[in-house]
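Okay, so here's the structure we're looking at.
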Amino acid sequence: MTTIVSCKGVSKTYQQGKVTVNALTNVDLSVETGGFMALAGPSGSGKTTLLNLIGGLDNPDSGTIQVDGQTYTHLNGSQMADLRLHRIGFIFQAYNLIPVLSAVENVEYVMLLQGVAADERRERAREVLDTVGLSGKYDRRPAELSGGQQQRVAVARAIVAHPSIVLADEPTANLDSKTGESLLALMLQMNRERSVTFIFSTHDNMVMDFARRIVMIRDGRIDSDQNKTDR
Ligand code: ADP
Ligand code: MG
């Protein structure tokens, strides 16, 4: 088994006026390639902070983060941007699609930034939208899609460029439980079929049930780490 994510002694504080918030304290976490891991914990426990650090969207105060063999502290800004563009897919709670673009254009956008040719972009975007169950919805804008459909577009966008890892921050938080469940089933299918590693955060037990590993975080520290052997 190879390790895709390695966090060692990661700490992060935020300054709120005169108050220092310890969002993460000395977090060690390593995730195996091909994993399907839930980062669980109550609101304010540090889930978003940790995902943002793993995704290179923010820097820790101390500790080291390595993703796909790259140690972040050794990378400059453009190498970091390159890593995010080519190796990491993001799914957010609020979908974060570009409102003026259609579903297919939203999915194409990453490949546009990567310099993939127009024909290939369109073909791959349609193919992946078919995979997530959105054939026939290519030309809909986000506002013309349900929440569940928008999040499926976000899944399609996250996986289209064949990232090594997808980070999903409370991807089902805005969905009803049935829609949330089918989104998790889709993510699990993508994990199995495309061997994409997923780390998703949640405070919902139903969502945790889908995970093969549940890492509990509480007050910025890892509280428990449970592997399910039956999946
Ligand atoms: P979660 O995603 O589990 O709800 P967060 O990572 O968002 O937790 O937050 C962890 C802690 O850090 C909380 O106490 C939160 O209030 C604080 N925090 C998060 N982001 C900021 C910020 N930008 N400025 C100040 N405090 C923050
Ligand atoms: Mg959060």
| request: Assess whether Arg141 counts as being more than 14 Å from Leu186 (Cβ to Cβ) and surrounded by fewer than 19 Cβ atoms within 10 Å (Cβ to Cβ). | output: yes
| If you take the residues in the range 75-90 that are among the charged types (D, E, K, R) and farther than 14 Å from Asn59 by Cβ, which one is surrounded by the most Cβ atoms within 10 Å (Cβ to Cβ)? | Arg87
| Under the condition of being away from ligand 2 (no atom under 16 Å from the Cβ) and under 12 Å from Ala168 (Cα atoms), which residue from the range 183-201 is nearest to the chain's Cα centre (by Cα)? | Phe198
| request: Provide a single number: the residues in the range 198-231 that are away from ligand 1 (no atom under 16 Å from the Cβ) and either surrounded by fewer than 22 Cβ atoms within 10 Å (Cβ to Cβ) or over 20 Å from Ile88 (Cα atoms) (or both). | output: 12
| Checking Thr13 against (1) within 16 Å of ligand 2 (Cβ to nearest atom); (2) in a strand (DSSP E or B), which test does it fail? | (1)
| query | Of all the helices (runs of 4 or more DSSP H) wholly in the range 30-135, which have at least 3 residues that are at pLDDT 95 or above and within 16 Å of ligand 2 (Cβ to nearest atom)? | reply | 47-54
| request: List every residue pair whose Cβ atoms lie under 6 Å apart, where the two residues are 6 or more positions apart in sequence or sit on different chains, the first residue falls within the range 41-63 and is in contact (Cβ under 8 Å) with a residue 40 or more places away in the chain and of a type outside the set (Lys, Arg), and the second residue, located anywhere, is near ligand 1 (Cβ under 8 Å from one of its atoms) and part of a loop (DSSP other than H, G, I, E, B). | output: Pro42/His203; Gly46/Gly220
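The values are calculated or read from the model by the stated rules, or taken from the named source; none is laboratory data. Predicted model only: the values in this text are computed from it and were never measured. Cβ sites come from the backbone with ideal geometry, for glycine too, and all protein chains shown count toward neighbours.
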